[in-house]
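Working notes, structure below.
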Amino acid sequence: MAPIAVSPEPEPAVPNSTTHSLSSVTTTYDDTLRFYLNGTRVTLDSIDPEITLLEYLRGIGLTGTKLGCAEGGCGACTVVVSQYNPTTKKIYHASVNACLAPLVSVDGKHVITIEGIGNVKRPHPTQERISKGNGSQCGFCTPGIVMSLYALLRNDSSPSEHDVEEAFDGNLCRCTGYRPILDAAQTFSVERSCSKAKANGGDGCCMENEGGKSGGCCKDNGSGDDEPIKRFTPPGFIEYNPDTELIFPPSLTKHEFKPLALGNKRKKWYRPVTLQQLLEIKSVYPSAKIIGGSTETQIEIKFKAMQYTVSVFVGDIPELRQFSFKDDHVEIGGNVTLTDLESIALQAIEYYGPIKGQVFAAIHKQLKYFAGRQIRNVGTPAGNLATASPISDLNPVFVASNAVLIAKSLDKVVEIPMSQFFKGYRMTALPPDGIIASIRIPVTSEKGEFFQAYKQSKRKDDDIAIVNAAIRVSLNSSNVVESANLVYGGMAPTTIAAKTAGAYLVGKKFTDPSILEGVMNALEQDFDLRFGVPGGMATYRKSLALGFFYRFYHEVLSKLEVKEADVDNEVIEEIERMISHGKEDKDSTIAYQQNILGKANPHVAALKQTCGEAQYTDDIPVQKNELYGCLVLSSKAHAKITSVDYSPAMELPGVVRYIDHTDMPSPEANKWGAPVCDEVFFAVDEVFTTGQPIGIILADSAIHATAGARVVKVDYEELPTIFSMEEAIEKESFFEHFRYIKRGDAEGAFKDADHVFTGVTRMGGQEHFYLETQACVAIPKPEDGEMEIFASTQNPTETQTYVAQVCDVAANKVVSRVKRLGGGFGGKETRSIQLTGIVALAAKKTGRPVRCMLNRDEDMMTSGQRHPFLAHWKVGVNKDGKIQVLDADVFCNAGWSQDLSGAVCDRALSHIDGCYYIPNVHVRGRLCKTNTMSNTAFRGFGGPQGIFISESYMEEIADRLDIPVERLREINFYKPNEETHFNQSLKDWHVPIMYKQVLEETNYEERREAVTKFNASHKWKKRGLSIVPTKFGISFTALFLNQAGALVHIYHDGTVLVAHGGTEMGQGLHTKMTMIAAEALGVSLSDVHISETATNTVANTSSTAASASSDLNGYAIFNACAQINERLAPYREKLGKDASMKKLASAAYFDRVNLSANGFYKTPDIGYVWGPNTGQMFFYFTQGVSCAEVEVDTLTGDWTCLRADIKMDIGRSINPSIDYGQIEGAFVQGMGLFTMEESLWFRGGPMKGQLATRGPGAYKIPGFRDIPQEFNVSMLKGVQWENLQTIQRSRGVGEPPLFMGSVVFFAIRDALKAARKQYGVQAEIGKDSKDDGLLRLESPATPERIRTSCVDPIVKRSFVKLLEGEKSFFIAI
């Protein structure tokens, strides 16, 4: 579990003193839950009051709904809850996070899960289109995405493109890059599903033609010939007919909502259905926890170990869900859902008009980016107010608008002005026995009043604010300010008014040119942040506070009668996205298609995944007598363990046993690591990082195990810590591993070079954020110490090896099985071993099956990330731009153990040349030893870090020489057959060709001119353009791993079963392998099946990694098929070339011919030797070029990618659908790495040394609306791959495209250079200056880094100095 904490002794749910009072109030309450589930009536007479809807669903076997994060941030658990909405008086189908929803909340409602809408034999159109549209890779997030789309269609069967694009703002996917999901979903939009639409061969839908622009739509007006407009169904797809959906059960329309009382000794739930009942409960038990959407409470319970003994669910009280429009205000019920509040805000704007409705426009604007739809469907304004979050998006609006809160208790009604409501951090003026009944929001005046709201966050959609604001001014007829409210969130422990600034404004003429400077000065006094302010980002936050007012000021001026020159019109508009679109070159494989190979086919398991039928590790049915494990993790970054007391856990209900290092068969058995054995499964007497396992609690349920782990008491004696690479370098904290590559005479070349430039490149790490966390089920067998392991791992063989070690048996007694992974990306190559070894030991010691699936925060704390890198480089270059020499010291943050860090650093050294010929190179790599989790493999494995260093020095050299960087790249490109710095000849070298093609296809030169023109005419918005190449070496750097085995069986009926050493984690490996087998054997694809990856079918497998799995396993399968084909050759001759496999197999079987074959393959020619710099390092290089254009709002650091184009050389594609999916998914993951994904650690306080950015609430991966607005992908065609000796002459594609995402980073850098240049800040030409205007931009280019890289007067005056003795709040490692 997350860092252990001692919880107080559980007390009775209700103290004796109030038991009588509560029972007298609730004596008539019912205790039966009644609802419908997928059309079937469910009645529950006794429920665990602490159970969530997700736990209930999975507990009864509906495992299609997944647990991804337990905090409502990823959408994997999305279900639909249909209900009568008392606000709108209509049936509403709400997409809901089942991980947060209390089971008690579904009484009287209809719950629809992924299993309820369709199955593989009869899929729902949403399920079919997403699967056939290649919108599912690993599939773990897919059921939630399908249910979000389903909810949209149930509420509006003809949604607009915009509705579709926004429907997924509460869902995340780590694999696909979102483009194919959106394309599939858009087939339901009114613009694309109309049979008249141009895209569907018609003459134009009225929405596309003028009719749509003037508000006319055939769906509203009826068409001229009175014929109904047909819905267009893409060829080969099931038609969507809304009339065939699950109906809202008629009995629920008559359902009597009774007050409910549920619970046991530890916990009581009450569900009143009238306001009077609620007030009665609050009067006798004021501390009862009021639950509306449970969006905050469930997180407190799950992650903060909060215990609420009495909870009152208020979601079914109609009186709290009403609203009314009055002359001068709108009154909204405290428990109106945020989704309904969006609708109410739009109605209010229509009712009062845009001037009087300004505050409602602000509410609607803030709600647009407030969490995801699933949260807005249950969250309420009262919940938002009561939790008193200092970064709430709505609270500043309520305060600035002078709203009044109506608090009711049993005997009184209190009106609280919102300006007096927030008393301190998470403290309010709400009376203890009171509830928020309603909020009165005043309308704005007809004349002279102006209102606006703003927000800036790390990610546009579904993200908490860094800073938000609501600003209101009221002017008289002479434009003198009568009143002003400048209210901010994210600037203090509470929502706070800038009082000095507000007071300064009153009485001043708003149009007076000096007023802006006066307010800016006042805001600096109001928000005099110190460098180490909680939450960090002092300069950025201050600049946002000032920037928001600057934007507001000019927006107001634009509406007053002032000189045009006084208004900064350009600053007013914020960045808004268009509907995203894109294209793939569907004809790229036509030249070499075979019967099956080279053709587009969906992922073999896609339909199972979209229907929720695909089984993942934690979906395996619970075994009899099974135990659940919860890890006890260290809460200190480096400390001696002085004592561990697990006795409090053993006294809790359901807890069975505590396991730690003393249960190992020997001290040696506790050691593990790859390739160096320098880790322990359980800490012994010292911990080296937070999140290091100390023990595991076993219990009869996951909830009991978690409760047990929390009360294990560990005492520590803290020791000195090291976190960052800079600290490690200073203290010389390194692992022994040291490698270098040296070619030519570096020292001599520097003397001869025209220019020598130096620089530092730094990039952060990246969390894998696979949607399925680490999971394992271990089943001990009754004989011979056998153990069966089901694990979410990329490495079944290493799993087998270490399970055998901890169980003290031979490897042949352990079977490691993998059906599929819900994403891996390298994070389950070695780090899965830790959990599996511990769970296997627990199963061995208890003799019972043991299961454990980590929470998202546990996973992020324990499993390691992509390595942060730091490089100090020196480059010699001639006047013509030709680079002559590179010297670099490269450091990576390995964490507390080595894991695969050595190989990661080695690959970075081999990729530090990028795509450029440098005759003299000397590069060295070291591993920094720090007190963070052990960093590990991640898609690209050091390659992206090495190439990023390369492209960074290219950018800085170009700036120093005043050469366009795109030209500098061309000047230095390798030519075909030139040798890399590790002496490998570049065969089939196509980067220069692709570079030229991308320049032409994207109209790069014209767009460069347009960007320059745009930047010259825009002060606050800047555009940037970049084109970046990549080459990525394919092979394991460890020679012995470049091998694979396969087993192929043909059965009597002609069907084929294939087993191979690779695991399926969404990358489509099994799909490609079945295609290879089907092509080789001449059978249909449907006749080939892969069941699982297991160590008892294919032994001694290499991990599925390094983008080599298709090459290795594909050839092994081909080899096995070739053996069988040789045996079947006489029967083909005898029965004819068109004989079916069924006939061939039957004839061969009766002739006693072996229809099974064991295939094998090892990569030829490779074998690099470090030091001497001899031998071939890689089998070949996958290559690519990408181009991107961005627009940056330099006032806030906000940005959007306008367009991205990618062209990859992946040889002859085995399956273009799979390969395009890999390219798009890798690009978006790379874009996240280089622009938004930032890991931070707490520097001090009770969480000192712990990862701060855990879970989707704090760690932001790209969402649906972060992808390029135009996203085009193609594959190189029209060339010959003469030297490529791979299966089908294909190239590995999983990792290479990830670096392509960096083009967005470099486009942002290009935009920032333009922003700085307008203030005269740029690089000094021809000199290696340290303090000039050269832009040194670290990765990731977060909104904070973007804004603080600007040099405008607002950000300069916002600069917060680091004072002596001060340190930052967070640590970036």
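The values are calculated or read from the model by the stated rules, or taken from the named source; none is laboratory data. Since the structure is predicted, the reported quantities are computational estimates derived from the model, not experimental observations. Here the Cβ is made from the backbone with ideal geometry for all residues, glycine too, and neighbour counts use every protein chain on show. Note: areas computed on protein heavy atoms with side chains; ligands, DNA, RNA excluded. Shrake-Rupley method; radii C 1.70, N 1.55, O 1.52, S 1.80 Å.
What to note about this one:
- Label point distance in nm, residue 624-residue 157, each placed 7 Å from Cα along Cα→Cβ: 4.9
- Cross-link pairs beyond the 19 Å C-alpha cut-off, checked among 542/1356; 66/460; 624/813: 66/460; 624/813
- Three-way shape call for the range 1144-1219 based on the alpha-carbon gyration tensor, with the a/c threshold at 1.5: oblate
- The range 223-362 - percent relative contact order, Cα under 8 Å, separation 6 or more: 16
- When both bridge partners sit in the chain, DSSP labels roughly 80% of those beta bridges antiparallel.
- 3J(HN,Hα) couplings calculated from phi for the range 930-944 with the Karplus curve 6.51 cos²θ - 1.76 cosθ + 1.60 (θ = phi - 60°) are, in sequence order, 10, 9, 10, 4, 6, 6, 8, 4, 7, 2, x, 6, x, x, x Hz; Gly and Pro show x.
- In sequence order, calculated HN-Hα J values of the range 587-594 (Karplus, 6.51, -1.76, 1.60; Hz; x Gly/Pro): 9, 5, 10, 4, 4, 10, 5, 10
- These residues, 978, 767, go from largest to smallest accessible area, 1.4 Å probe, as 978, 767.
- Greater than 23 Å apart at Cα, pairs in 267/304; 636/731; 819/1162; 640/731: 819/1162
- Candidate lysines for bridging to residue 1367, where Cα separation is under 16 Å - those fewer than 8 sequence places away on the same chain excluded: 1248
- ³J(HN,Hα) computed for each position of the range 116-126 - Karplus, 6.51 cos²θ - 1.76 cosθ + 1.60, integer Hz, glycine/proline x: x, 9, x, 9, 4, 7, 9, x, 6, x, 5
- Take residue 477: with every protein chain present and a 1.4 Å probe, its accessible area is about 120 Å².
- Accessible-area order (highest first, 1.4 angstrom probe) of the listed residues 985, 1290: 985, 1290
- A Förster radius of 45 Å combined with the Cβ-Cβ distance from residue 730 to residue 756 puts the calculated FRET efficiency at roughly 0.95.
- The listed residues 1020, 1199 rank as 1199, 1020 when sorted by accessible area, largest first, using a 1.4 Å probe.
- Candidates per GluC sites (Glu not before Pro) in the range 521-572, loop by DSSP, up to 12 other Cβ within 10 Å: 561
- Estimated FRET transfer efficiency (residue 970, residue 1169; beta-carbon r; R0 30 Å; 0.05): 0.35
- Selected from 785, 876, 633, residue furthest toward positive end of dipole (the chain; charges at beta carbon): 785
- Mean Cβ count within 10 Å, highest first, over the residues of peptides 1171-1177, 811-817, 995-1001: 811-817, 995-1001, 1171-1177
- Normalised contact order of the chain, rounded percent, pairs of Cα under 8 Å and 6 or more residues apart: 12
- With contacts taken as Cα pairs under 8 Å at a separation of at least 6 residues, the range 1296-1344 carries a relative contact order of 34 percent.
- Candidate lysines - alpha carbon under 18 Å from residue 1031, same-chain residues fewer than 8 apart omitted: 975, 987, 996, 1207, 1277
- Helical runs (DSSP H, four residues minimum) scored at -39500 (n - 2.57) apiece and divided by the length of the chain put the mean residue ellipticity at 222 nm at -8500 deg cm²/dmol.
- Spin-label zone in the range 243-270 - amide nitrogen under 11 Å from a point set 7 Å from the Cα of residue 31 along the C-beta vector: 261-265
- The heavy atoms of residue 166 offer some 40 square angstrom of accessible surface to a 1.4 angstrom probe.
- Here the range 1236-1373 has 51 percent of its accessible surface on carbon and sulfur atoms, given a 1.4 Å probe and all protein chains in place.
- Gain upon complete extension [residue 1330, residue 987; 0.36 nm per residue less C-alpha separation]: 119.5 nm
- Surface calculation, 1.4 Å probe, protein heavy atoms: residue 343 sits at approximately 50 Å² accessible.
- Of the solvent-accessible surface of the range 938-1045, computed with a 1.4 Å probe and all protein chains present, 53% belongs to carbon and sulfur.
- Zone of residue 1283's modelled label, taken as backbone nitrogen in the range 993-1031 under 17 Å from a point 7 Å along Cα→Cβ: 993-994, 1031
- Residue 1089-residue 563 FRET efficiency (beta carbon distance; Förster radius 56 Å; 0.05 resolution): 0.15
- Additional length obtainable on full extension of the chain from residue 46 to residue 1052, 0.36 nm per residue less Cα span: 356.9 nm
- Set of aspartates and glutamates near residue 121 by C-alpha distance (under 12 Å), chain-local residues within fewer than 8 positions excluded: 613
- Whole-percent carbon and sulfur share, accessible surface of the range 654-722, 1.4 Å: 56
- Potential lengthening between residue 410 and residue 241 on full extension [0.36 nm per residue; Cα-Cα distance subtracted]: 55.8 nm
- Packing order of peptides 234-243, 1039-1048, highest average first: 1039-1048, 234-243 (average count of other Cβ atoms within 10 Å over each peptide's residues).
- Solvent exposure of the chain as accessible area per residue, Å², 1.4 Å probe: 35
- Those residues of the range 45-65 whose amide nitrogen sits under 18 Å from the label point placed on residue 120, 7 Å along Cα→Cβ: 62-65
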